[in-house]
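Read through the structure below, which is laid out as structure tokens, and then see the notes.
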Amino acid sequence: MQELDVLVVEDSVEFTQVVVSVLRQSNHRVRTATTIAEAEQSMASVPPDLVILDLTLPDGDGLDLCRSIRETSNAYIIMLTGRDDEVDKVVGFRLGADDYVTKPFSPRELGARIEAMARRPREPKVDVPERDLDGLVIRPLAREVEIGGAPVELTRIEFDLLDQLTANPRQVLTRAQLLEAVWGENWYGDDHVVDVHIANLRKKLAGVTDRKIVRTVRGVGYGIVV
């Protein structure tokens, strides 16, 4: 399994010990922070590959830190919280979280989710330098997107979804296919996360064009309008 540099942002000593133990058993490099301020300082010093982030922190809401991380980093983010509200999960996914674990959790479950994330490729497998679909330009190697010459800023997951869809422009991809391609075959979450990130992708594309790009095929999945 790929070795990761992991930042654990959690103010509970008990849960920090459990998470750190799980990570070290898999030989990951681990740092800890108990506040948003400590986390930001740590990330500025050494950018992590994975952030395990508690929602409730002494100096603020973990969702705010999640948003801040996603604005500047492609690090994987696992939300760790005692709240089991679907609204919290949706907000977390919209802000760029990759996964969500509710306390109390078993060390085995957390380890399995981290392992699945570590196996997920950080860069898409590509064999073309550029893909042009009537002005929608995807550069997989550079991870760049343009529409009519205007750049579109996407998160890692949003880019990977668009990359998968444009690589198969005349095919409708199911949620299961997108989950496997973008999140990895060992993903433990449900397919609701696909819908959330597709909605975010559509919103960003709509910010630069009135053209409909991503289409929904009810009961099946998503495709590209060609």
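Of note:
- Of all the listed residues (D190, D160), the sole one being charged (D, E, K, R) and crowded, with 21+ Cβ neighbours inside 10 Å is D160.
- Members of the range 194-221 that are part of a helix (DSSP H, G or I) and of a type in the set (A, V, I, L, M): V194, V196, I198, A199, L201, L205, A206
The numbers here are math on the coordinates, done by the rules we state, and not lab data. Everything numeric here is computed off the predicted structure, so don't read it as measured data. Methodologically, a virtual Cβ is constructed for each residue, glycine included, from the backbone with ideal geometry; neighbour enumeration extends over all protein chains shown.
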